[in-house]
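Asker: There's a structure below that I have some questions on.
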Amino acid sequence: MKYGLIKVAAAIPGVRVADIEYNVLQIESLIAQAEGKGAELIVFPELCLTGYTCQDLFRQQLLLDKAEEGLLTLLDFTRKLDIAAVVGMPVRVGSLLYNCAVVVQKGALLGVVAKTYLPNYNEFYEKRWFASAADLEPQNIYLAGSPVRVTPEPQLFRTCDGASFGIEICEDLWAPTPPSNELALAGADIIVNLSATDELAGKHRYLCSLLAQQSARMMCGYVYSSCGYGESTQDVVYGGNAMIYENGQLLAEAVRFSQEPQLQVQQVDVERLRAERQNNTTFRTAQDGAMALVIDLKAVQPRDFELIREVDPHPFIPADNEMAEACEEILNIQTLGLCKRLQHTHCDKAVIGISGGLDSTLALLVTVRAFDRLGLSRKGIVGITMPGFGTTDRTYQNALQMMSALGIDQREISIAKAVEQHFLDIGHSKDNHNTTYENSQARERTQILMDVANQVGGLVIGTGDLSELALGWCTYNGDHMSMYGVNGGVPKTLVRHLIRYISEELRMKNEALCSSLIDVIDTPISPELTPADGEGNIQQKTEDLVGPYELHDFFLYYMLRFGFRPQKLFVLAQKAFKDKYDDDTIKRWLTTLCRRFFSQQFKRSCLPDGPKVGSVSLSPRGDWRMPSDASSALWLKECEGL
């Protein structure tokens, strides 16, 4: 395991019912393939050593003896292999027979886990042959010549670098209280399931839902292997399922109804799962008293690391097939938040600065939705465009057109004379385009908005987004301040999608507004606080100064949601942006984020109220509480070493 990632495999071997010699060869072949791919753990189906559908042959001593010999062969085969294999087979303990999973690594039998819940309904009648783990008396036995402890208590198998997995078998997952509940609460990062699930119309969909839900509820990785082609089709058919889940998300799956053996290999992010559990107080409370017998796996040789799992470069952006639903949900959260604030303050007026940029456009659209929802006149929305020294004609015209198309109270107040007077008052040269030059304009605009709000008895609606707040890319007591910030929980990469969603909704209703919204989306991001070039083009482009927002949002998501360190953020970004940014670029902007995130916390410590819309928030009253003088030294030092 490196960077918290452990490589696991779910295997579906070819099987011949009761032909143990053949089955062992098939299992060995897949173990070798998985070892070659760097997998540290491989899971096989239920009773795969004999075949699940042996029926009354499970009462034949010859079959049981040969199964034990097959295990002995596997032990010998794995003697020089680091990979841990979990294989299904029948195991005799005294006068009882159990449906078991055996854990094999480096020629050693490390554990035996018996199935707890035995289905005995419809097409299943396992109680005819097997006893439940609940019937098992703790004892030491010899299996394939190896001493091993058998017990009904939960067992965890721990790798040499600290990751642990627990085992359940098929029906155990379908029970009201699956063993995986207790295993995960006792510390299992991964649950493996050896299964023999027959195919019925609609059953697969339910199975996938069950696996997703259990892995999400237990915040664990879940490796599922179910038998396939080769099992008896006398009454039912086994289609073969090999699936790997992580906290509700499907990472890999085999092709069902294949006639060939299959192997699915993927990485489970144990560090990410532990971060989720650490943050979830409900999970921590449920853990009280959860215990398990811990069995350590053998030490293994270090392996070369390769990140094979896909990494979404835009974790804040919904999938295409979920985009419309997600955008509508986010807009409703923003809208209802503002509705409540307006009603609570008995306000029927809102004041908002309209620059023609992304953030103010989204804030305006949300405000219009809120007024429409409350049945208030749109004329109660005072939209003010405040051209300054860097305002371009493109953004200026878009601001005017949007306000006109939306039917709000439209005003224009130039800040040029007021800011020039302010420069005279404080002795600052208009030709010195430094931070004072820029921030004076931002604060003048905020003063105008606040004073107009006093005039009309309204609220100033904040426009700043989550990404700007993280970078501190806002003027303290300027655009940093408002009476309600509707965009504070929305990352910059998502703003465009929300505006595009609204523009598509309006395409047939308001063509002029739709055209302006599309142009806003296509306009380079800029505060427009320094003069444009001779042709009126924007010179001050935000992403040239602080870095690409898609990179910063990527870093933010994994840093804030899971607490990943810069080293891991760098590795993930290399994978996610391999065709877009080189290593030096990623390192440069990661360093920028770490530096600015810590130095600008004082701005976030006094943020105005605003709704949380996703899993990441920087509200000092909610998700992110950090002292304003916390040191960034640890993070910056690790960035230097990348």
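One line per residue, one yes/no per condition, for (1) over 20 Å from Gly547 (Cα atoms); (2) free of Cβ contacts under 8 Å to residues at least 24 places away in the same chain; (3) more than 26 Å from the chain's Cα centre (by Cα):
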| site | (1), (2), (3) |
| --- | --- |
| Arg588 | no, no, no |
| Thr591 | no, no, no |
| Arg596 | no, no, no |
| Lys612 | yes, no, no |
| Ser615 | yes, no, no |
| Ser619 | yes, no, no |
| Ala630 | yes, no, yes |
| Leu636 | no, no, no |
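Asker: Out of segment 346-370, which residues are part of a helix (DSSP H, G or I) and open to solvent by less than 20 Å² (accessible area, probe 1.4 Å)?
Answerer: Selection gives Leu358, Asp359, Ser360, Thr361, Leu362, Ala363, Leu364, Leu365, Val366, Thr367, Val368, Ala370.
Asker: How many residues, within segment 35-50, are touching a Leu at 6+ places or on another chain (Cβ under 6 Å) and over 19 Å from Ser232 (Cβ atoms)?
Answerer: 1
Asker: Counting just the residues of segment 459-510 that are assigned to a loop (DSSP other than H, G, I, E, B) and among the charged types (D, E, K, R), which one comes out modelled with the lowest pLDDT?
Answerer: If we take residues in segment 459-510 being assigned to a loop (DSSP other than H, G, I, E, B) and among the charged types (D, E, K, R), then Arg507 is modelled with the lowest pLDDT.
Asker: Right, something else. Would you point out which residue out of Glu535, Glu543, Glu550, Glu528 is without any contact (Cβ under 8 Å) to a residue 60 or more places away in the chain, among the acidic types (Asp, Glu) and either buried (at least 21 other Cβ atoms within 10 Å of the Cβ) or under 18 Å from Val490 (Cα atoms) (or both)?
Answerer: Glu543
Asker: Just need a number here: residues in segment 115-158 that are acidic (Asp, Glu) and outside any loop (DSSP other than H, G, I, E, B).
Answerer: Total satisfying the criteria: 2.
Rundown of residues vs (1) under 21 Å from Leu331 (Cα atoms); (2) touching a Cys at 6+ places or on another chain (Cβ under 8 Å), yes/no style:
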| site | (1), (2) |
| --- | --- |
| Val456 | no, no |
| Asp479 | no, no |
| His497 | yes, yes |
| Val520 | yes, no |
| Leu529 | no, no |
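Asker: Residues to consider are Asp393, Asp359; find the one that is among the charged types (D, E, K, R), under 24 Å from Pro531 (Cα atoms) and at pLDDT below 95.
Answerer: The match here is Asp393.
Asker: Farther than 21 Å from Asp198 by Cα, buried (at least 24 other Cβ atoms within 10 Å of the Cβ) and over 38 Å from the mean Cα position of the chain (by Cα) - does that describe any residue in segment 79-91?
Answerer: The answer is yes; a qualifying residue exists.
Asker: Take segment 239-250 and flag every residue that is closer than 21 Å to Cys170 by Cβ and part of a strand (DSSP E or B).
Answerer: Selection gives Asn241, Ala242, Met243, Ile244, Tyr245, Glu246, Leu250.
Asker: Answer yes or no as to whether Ile538 is under 30 Å from Tyr501 (Cα atoms) and either assigned to a loop (DSSP other than H, G, I, E, B) or hydroxyl-bearing (Ser, Thr, Tyr) (or both).
Answerer: Spelling it out, Ile538 is indeed under 30 Å from Tyr501 (Cα atoms) and either assigned to a loop (DSSP other than H, G, I, E, B) or hydroxyl-bearing (Ser, Thr, Tyr) (or both).
Asker: Next question, about the same structure. Against the definition (at pLDDT 95 or above, part of a loop (DSSP other than H, G, I, E, B) and over 27 Å from Pro548 (Cβ atoms)), how does Glu276 come out, yes or no?
Answerer: Judged against the criteria, Glu276 is not a match.
Asker: Need pairs with beta-carbon distance below 7 Å; first residue farther than 21 Å from Cys474 by Cβ and open to solvent by less than 90 Å² (accessible area, probe 1.4 Å) and within segment 423-440, second part of a loop (DSSP other than H, G, I, E, B) and of a type in the set (D, E, K, R); sequence gap 6+ or separate chains.
Answerer: Within 7 Å, the pairs are Phe423/Lys430.
Asker: Go through segment 133-148 and give me each residue that's within 39 Å of the chain's Cα centre (by Cα) and open to solvent by 20 Å² or more (accessible area, probe 1.4 Å).
Answerer: Passing the criteria: only Ala134.
Asker: Go through Arg16, Arg59 for me and flag whichever is open to solvent by 10 Å² or more (accessible area, probe 1.4 Å), out of contact with any Asp or Glu (no Cβ under 6 Å at 6 or more places or on another chain), over 19 Å from Ser226 (Cβ atoms) and among the basic types (Lys, Arg).
Answerer: Exactly one of Arg16, Arg59 is open to solvent by 10 Å² or more (accessible area, probe 1.4 Å), out of contact with any Asp or Glu (no Cβ under 6 Å at 6 or more places or on another chain), over 19 Å from Ser226 (Cβ atoms) and among the basic types (Lys, Arg), namely Arg59.
Asker: Scan segment 143-178 for residues that are closer than 21 Å to Pro119 by Cα and of a type in the set (D, E, K, R) and jot them down.
Answerer: Passing the criteria: Glu153, Glu168, Glu171, Asp172.
Asker: Spot the failing condition for Ser209; the list is (1) surrounded by fewer than 24 Cβ atoms within 10 Å (Cβ to Cβ); (2) over 20 Å from the mean Cα position of the chain (by Cα); (3) free of Cβ contacts under 8 Å to residues at least 60 places away in the same chain, and only one is missed.
Answerer: Among (1) surrounded by fewer than 24 Cβ atoms within 10 Å (Cβ to Cβ); (2) over 20 Å from the mean Cα position of the chain (by Cα); (3) free of Cβ contacts under 8 Å to residues at least 60 places away in the same chain, the lone unmet condition for Ser209 is (2).
Asker: Out of Leu560, Leu556, Leu569, which single residue is free of Cβ contacts under 8 Å to residues at least 24 places away in the same chain, under 18 Å from the mean Cα position of the chain (by Cα) and within 24 Å of Val270 (Cβ to Cβ)?
Answerer: Answer to the check: Leu569.
Asker: Could you count how many residues in segment 51-86 are more than 26 Å from Val236 (Cβ to Cβ), part of a loop (DSSP other than H, G, I, E, B) and not charged (D, E, K, R)?
Answerer: Matching residues across segment 51-86 total 3.
Asker: Sticking with this one: Kindly indicate the residue of segment 376-417 that is assigned to a strand (DSSP E or B) and open to solvent by less than 60 Å² (accessible area, probe 1.4 Å) and also nearest to Leu338 (Cα to Cα) among those meeting that condition.
Answerer: Taking the candidates together, the pick is Ile381.
Asker: If you don't mind, another one. Can you name the condition, by its number, that Leu156 falls short on among (1) closer than 18 Å to Thr50 by Cβ; (2) of a type in the set (A, V, I, L, M, F, W, C); (3) within 34 Å of the chain's Cα centre (by Cα)?
Answerer: Going through the list (1) closer than 18 Å to Thr50 by Cβ; (2) of a type in the set (A, V, I, L, M, F, W, C); (3) within 34 Å of the chain's Cα centre (by Cα), Leu156 breaks only (1).
Asker: Still on this model: What are the pairs with Cβ atoms under 9 angstrom where one residue, in segment 248-266, is over 17 Å from Lys7 (Cβ atoms) and the other, located anywhere, is among the hydroxyl-bearing types (Ser, Thr, Tyr) and open to solvent by 70 Å² or more (accessible area, probe 1.4 Å)? Sequence gap at least six, or different chains.
Answerer: Phe257/Tyr229; Ser258/Tyr229; Gln259/Tyr229; Glu260/Tyr229; Pro261/Tyr229
Asker: Turning to a different aspect of this structure: When you scan segment 464-503, how many residues do you find that are closer than 19 Å to Ile415 by Cα and in contact with a strand residue (DSSP E or B) (Cβ under 7 Å, 6 or more places away or on another chain)?
Answerer: 1
Asker: Something else now. Run down Glu310, Glu329, Glu260, Glu306 and say which single residue is part of a helix (DSSP H, G or I) and more than 20 Å from Gly462 (Cβ to Cβ).
Answerer: Step by step, each of Glu310, Glu329, Glu260, Glu306 is checked, and only Glu329 is part of a helix (DSSP H, G or I) and more than 20 Å from Gly462 (Cβ to Cβ).
The values are calculated or read from the model by the stated rules, or taken from the named source; none is laboratory data. As the structure is a prediction and not an experimental result, all values here were calculated from the model. Here the Cβ is made from the backbone with ideal geometry for all residues, glycine too, and neighbour counts use every protein chain on show. Side chains included, ligands, DNA and RNA excluded: accessible areas come from the protein's heavy atoms. Shrake-Rupley method; radii C 1.70, N 1.55, O 1.52, S 1.80 Å.
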